[in-house]
1. Remind me, relative contact order of the chain in percent, using alpha carbon pairs under 8 angstrom and six or more residues apart?
2. Projected onto the charge dipole of the chain (+1 at Lys/Arg Cβ, -1 at Asp/Glu Cβ, origin at the Cα centre), which of Gln374, Val718, Gly485 gives the Cα projection farthest towards the positive end?
3. To the nearest 10 square angstrom, what accessible area does Leu756 show with a 1.4 Å probe?
4. For segment 478-521, what's the radius of gyration and Dmax over Cα atoms, in angstrom?
5. Quick one: net charge of Leu491's neighbours, Cβ under 12 Å, K/R +1, D/E -1?
6. How big is segment 489-628 on each of its three principal axes, counting only the C-alpha atoms and giving the largest first in Å?
7. Positive end of the dipole of the chain, charges at C-beta (+1 Lys, Arg; -1 Asp, Glu), about the Cα centre: which of Ala554, Gly96, Gln598 has its Cα farthest in that direction?
8. Quick query: amide H of Val584 versus all other amide H atoms, modeled in the peptide plane; which residues come in under 5 Å with a sequence gap of 5 or more or a different chain?
Amino acid sequence: MTDARPTRGGAWLAWAWLAVVLALAVQQIGFWRASRIDSDVMALLPGATGDPLLAAANARMADAGTRQVVVLLSAADWTATRAGAVAFVASLRRDGVLVPAADAVDLDDALAFYAPFRRGVLTPAQRERLSSQPADRQAELALARLFGPASTGGLGAWQDDPLGLWPDWWQARAGLGVQPRDGLLSLRAEARDWAVLRLESRAPAFQLDGRRRLQDTLADATGAASAAAGGDVQVWHGGVPLHAEAAAVQASREVGTIGLGSLLAVIALVWLAFRSPRPVLLVAVSLAVGTAAGVAVTAMVFGQVHLLTLVFGSTLVGVAEDYGIHWFASRQGHPDVAPRTLMRQLLPALALALVTSALAYLALGIAPFPGLRQMAVFAASGLAAAFLTVVLWFPWLDRRRVPESRFATAIAHSLGRWPRWRGNVAGAALAVALAAVVGFGLARLQVLDDLRSLQNSPAALLEHELRIGALLGLPSPAQFFLVEGADPQQLLEREEALTARLDALVRDGALGGWRAVSDWLPSASRQAADAARVIRAEAAALARARELTGEPFAAPSAGPVLEPDAWLAQPVSAPLRPLWLGRVDGRHGTVVMLTGVQRDTLPRLAGQGEGLDGVRWIDRTAGYSALLGHYRRQMSWLLLAGYAAVAVVLAWRFGRSGWRALLPTALAALFSLAALGWLGVPLQLFGVLAQLLLLGMGVDYGIFLLEHRGDPASWLAVSLGAASTLLAFGLLALSATPALHSFGLTLLFGIGAVWLLSPCLRADAPADPSH
C-alpha cells in the first residue's frame, strides 16, 4: 500500500534540505582543496590559562619551530661530507619542498652590530676570571698573547681586544662546537665531521592524501648526497614538520581503513538484510550527508579540523546509519503501512534516539579540551544531518516495498530463541564465574594520564630527534622557565639571576645548557659592571704594553649600552626573538629554554627558581598530564551521575522493570574495563569518555526491548544497528594512536556485551509501562 505524494509542507522541507545539502557539497569542495587540517597534539588540549603571560609563553612554545627541519650529514671525511651536503641541498632546491632556512644570521653583520658593545658582554667564565684574578695577572696574560707565536695582526689588532675576550664570547654563542667551515655549519662529534643544515618546510601543512612529501624529499636528497660523497653517508633529520607529516599519513591511513571499512560493513549488512540497492544507496546518502555536515560545522565553529577529529568522526558511520536501518526494517516488517504514516509512527523513537546519542557525544565537550569539543560538535552535527536526511527524504524517495530476505528473517526471529538469565543454580554459577573474570580484570586495570598517549610518532623519527638533540643541544619546548618583570631591565636582571644558577648545574653535568635572551642582551646594570671589569683589566694590560714598547695607547672606554629595542630591531635577534614575550597584561616576560634535560634531573631543575622573584618553572608535559588526570576524574563522576539520572528516568517510565534497560549497560561497562585490564591497556581520559558514549548508546537497546517486546522488525533494526556500531568502533581499536586505540577497545567490548546481555534480561510479559 502506498499513500499519495508528500504534502506541500513535506515537499517544501525536502527541497529546503536539498538546498542545504548542495551548499554542503560546494563547501566540501573548497575545504578539501585547501584543507585546514591540524595535527598538533597540543591543539587538543586547553590553551587558555588564568595567566595571560603563561598563555603567551605556551603559545610561543607551541608555534616555535613548526616549519623548521634540522639535518645532520656525515661521510668518510670532511671533503666527502661537504660534497654530500652540497648535493643534498641542491636536490632539495630542485624539489622546492624543503629549502635552507631564511632567518640564518650573517656572521659579519652580527660582528659589526655587536662591536660597539663588546666590552659590556661577557661569558660567565670570563666574568669569573676578571673578577677573581688581579689586574696584573690579566696584563701578563694579555702581553703573552701579544708576543706569543700565535699572535696575529700586530699592535693595532691587539689593542682592540688585548684580553682576547671577543673571540671567546662568540665561540660560546656558537653552541656545542658548531662552527662555520667552507660555507657550511660544521660539527665535530663521535669522531666524525658533520654538516649541519637548517631547513624550512614549504609543503602544505597537513594533507590527508597519504603522501610522504617531506620524507620522500629527504630520501631523494640522501641518495644524491651518497652519490656525491662516493659511498656511505649518515643522515639524521628531525623537526616538527616531520612529526606532523607522519601523523597526517597515519591519519589518512586510519581514516581510510576505519571510515571505508565501516561504510563497507554497513553496506554489506543492509544488502544482506534488504536485498535491494535502494536501501543501500539511501543509507549511504544519509551517511555521506552526515559526514559532510560534521566537517562543515566543525570547520565553521573552530576554523579548522583536527586529524584525530576526522579519525574519531569516522565512527559516526556506525551510529548514523541506525536511522536508515530502522526505517527500512520497519518498512520490511510492516509493508502495508504508508510511508508517511510509518514515518510519523517512527519519528518519536528516532528523535529520542537522536537526542540520547547526541547528548552522549556532546558530553565529550563538557571538559574544556578543544579536541574533545571538536569531536562532540562533529558527531552531534553529523548525526543531526543524517537524521534529517532520513526523516525528510526517505518517505519521498522510498515508495516501493522492501523485499524480505532469509538473513533479515533469521535475525528478526532470533529474539524468540535468545537465552534468558534465570535465577536458578546454573544461572547463579554462571554469574559467579563471570564476576570472578571481571573482578580479576578490574584488579589488573591500570590508570595512565600521560600526554604522550595522545600521539605516537614513528620510532625511527624519534631516534633521529634524540640523536640530533644530544649533539646540537637543541632545547625542548616541554620544560622551560618563565621570567617576568615590571620593565625590560628588571626582566633581564631576573633572567641573569636564574642563568647564574643554571650555570652551576651545567658545571655539575646535570644540564646541557640553556638558551636565554640575556646571553645576547645583558641588562644595563650587567653591561656597566662587565664593562668596568674589562676596562680595568685592559687598562692594566695597555699600561704594561706602553712601558715595554713605548707605543701610545688610547684609554679604553665603556662604549654605549645595548638597549632591548635596538637589539630587537636587528636581524641578529631573529633566533632569540621567539623567547622575548614583550609586554603582556602589564608585565614583561621571557622564556629560558633548556638543553640536555634528563627526566631524573627534573626535580632539581624545578627547584632552581625558588627564591627568585618573577621566575617560574613550567613543565608542560607534567602539567598537561595532570590536567588529563583531573578531567578523567571529573568525567568519571559525571559518568556516575549519568547512570543515576538514567536510572531515575527509567524508573519513571518503566517502574520496577526499568532495571532491565540499565543493568545490561552497567554490566557491559564493567566488562569493558575488565577487558582493558586483561589486555594490559591502561585506562585514560578517552576510556572514560568511551564509557559515556556506551551509556548513551547502550541503554537504547534495553529501552527498545521494553518498548517493543516481541516485535521482530524492531529487533532486526536493533541488531543491525548494534552490529554496524560494533564494527565501526571495533575498527577504531586498530588505530595506532594509543588514546583512540583504548577508546575503540572500550566500545568494542562494551557495545558487544550490551548487545548480548540486553535480550538476556528482557521481560517475559508484554510491554506495560505500569510495570
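1. Relative CO of the chain lands at 20 percent.
2. Farthest towards the positive end: Val718.
3. 100 Å²
4. 11.0, 33
5. -3
6. Here the Cα extents, ordered largest to smallest, are 73, 36, 28 Å.
7. Gly96
8. Residues meeting the criterion, in which the H sits 1.01 Å from N, are Gly589.
The values are calculated or read from the model by the stated rules, or taken from the named source; none is laboratory data. All values derive from a computational prediction rather than experimental measurement. So basically every Cβ, Gly included, is an ideal-geometry build from the backbone, and we count neighbours across all protein chains shown. Areas reflect the complete protein model, heavy atoms only, side chains present, ligands, DNA and RNA absent. Shrake-Rupley method; radii C 1.70, N 1.55, O 1.52, S 1.80 Å.
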